[in-house]
Amino acid sequence: MKLLRYGPKGHEKPGLLDDSGGIRDLSGQVTDITPDLIHGEGLSRLMQIDPASLPVVEGPVRHGVPLSGSRKFIAIGLNFADHAAESGLPEPSEPVIFMKAISCLSGPDDDVVIPRGSLKTDWEVELGIVIGKPASYVELPDALDHVAGYVLINDVSERAYQIERGGTWDKGKGCDTFGPVGPWLVTSDEVADVQNLDMWLDLNGKRMQTGNTRTMIFGVAEIVSYVSHFMTLEPGDLITTGTPPGVGLGQKPEPLYLKPGDVMRLGIEGLGEQSQTVVPWRAAGSGDVA
């Protein structure tokens, strides 16, 4: 099942994708796609609904973040062997954990805003994990039982904030609009092998990233188990799992960063596609570029 939320920002309605690729309205069945809904029996009840019995959503619509009410947005760094190599860094012996701000979440096709004064905003196509039931000190063989499904994420990053400003990576990861998620939450039963999914990202029509989740240093089950030993994972929590090579920071002979007007298009096999236009930061309520 592919769950989604559609409509204007702040007024999204719940929906699902039918077998023909059409959107069906779920608002007569549930008020929203929430952590409570994907926890316990909620997801099973949704799976019993015949999509053909739901109203068709006509016309093009905006996709929102496919899950409302996530409390944590956790990220794993340097988790692809080929990306670590392009970054000139050794492969980590344990997963590198940092946090992205919940306030950075945005729809999969919403604009990405370059932060005020930024010169090094970058792209990262990533597989996202959606937790479906509480996980604390989970052992590896049981880890996937705690996963509700998967999402496509662009882990947008500001490299100067991340690397040059001291402290942790979080500074460069949580800026507004730096977390496009969706278009769908794809339930685990629809993903045959999460460790063999092709992923890609184009910038202005040029392929920049090509990868596959099989080159992850730490797989999905290991990530869920590992993180659960440091914090309790709750239904609706998001974990973004790292990126393959081809980010702007790794371009040769010089890094390449995003500028206003750029268009990113990205996708993961079975999880859909995103497209974001890059825009400059503007002061709230002002038409002026800062």
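The values are calculated or read from the model by the stated rules, or taken from the named source; none is laboratory data. Quick caveat, the model's predicted, so the values are computed rather than measured. Don't worry about glycine lacking a Cβ; one is built from the backbone with ideal geometry, like all the others, and counts go over all protein chains shown.
Restricted to region 145-176, and to residues there that are among the acidic types (Asp, Glu) and modelled with pLDDT of 95 or more, the residue that is farthest from Glu124 (Cα to Cα) is Asp145.
Taking the options Gly69, Gly28, Gly40, Gly22, name whichever one is surrounded by fewer than 17 Cβ atoms within 10 Å (Cβ to Cβ) and either in the same structural domain as Val224 (by TED's automatic domain parsing) or in contact with a Ser or Thr (Cβ under 6 Å, 6 or more places away or on another chain) (or both). Result of the check over Gly69, Gly28, Gly40, Gly22: Gly69.
Of the residues Gly59, Gly21, the single one that is free of Cβ contacts under 8 Å to residues at least 12 places away in the same chain, in a loop (DSSP other than H, G, I, E, B) and within 22 Å of the chain's Cα centre (by Cα) is Gly21. Condition (residue is farther than 22 Å from Leu26 by Cα, modelled with pLDDT under 95 and in contact with a Pro (Cβ under 7 Å, 6 or more places away or on another chain)) applied to region 85-97: is it met by at least one residue? Yes, the conditions are met somewhere in region 85-97. Considering (1) in contact (Cβ under 8 Å) with a residue 24 or more places away in the chain; (2) touching a helix residue (DSSP H, G or I) at 6+ places or on another chain (Cβ under 7 Å); (3) not basic (Lys, Arg), the lone condition that Pro51 does not fulfil carries the number (2).
Of all the criteria given as (1) in a loop (DSSP other than H, G, I, E, B); (2) at pLDDT 95 or above, the one not satisfied by Lys252 is (2). For Ile74, the test of being hydrophobic (A, V, I, L, M, F, W, C), at pLDDT 95 or above and not in a loop (DSSP other than H, G, I, E, B) is passed. Determine, yes or no, whether Val224 is touching a His at 6+ places or on another chain (Cβ under 8 Å) and not assigned by TED's automatic domain parsing to the domain that holds Leu26. Yes; evaluated as a whole, the condition is true for this residue.
Those residues that are over 20 Å from His146 (Cβ atoms), at pLDDT 95 or above and of a type outside the set (Ser, Thr, Tyr), I need them from region 117-133; list them, please. Lys120, Asp122, Trp123, Glu124, Val125, listed by residue number. Scanning region 53-66 for residues that are of a type in the set (Gly, Ala, Ser) and exposed (fewer than 14 other Cβ atoms within 10 Å of the Cβ) returns Ser53, Gly59.
Out of Pro108, Pro115, Pro95, one residue alone is surrounded by fewer than 23 Cβ atoms within 10 Å (Cβ to Cβ) and within 26 Å of Asp189 (Cβ to Cβ). It is Pro95.
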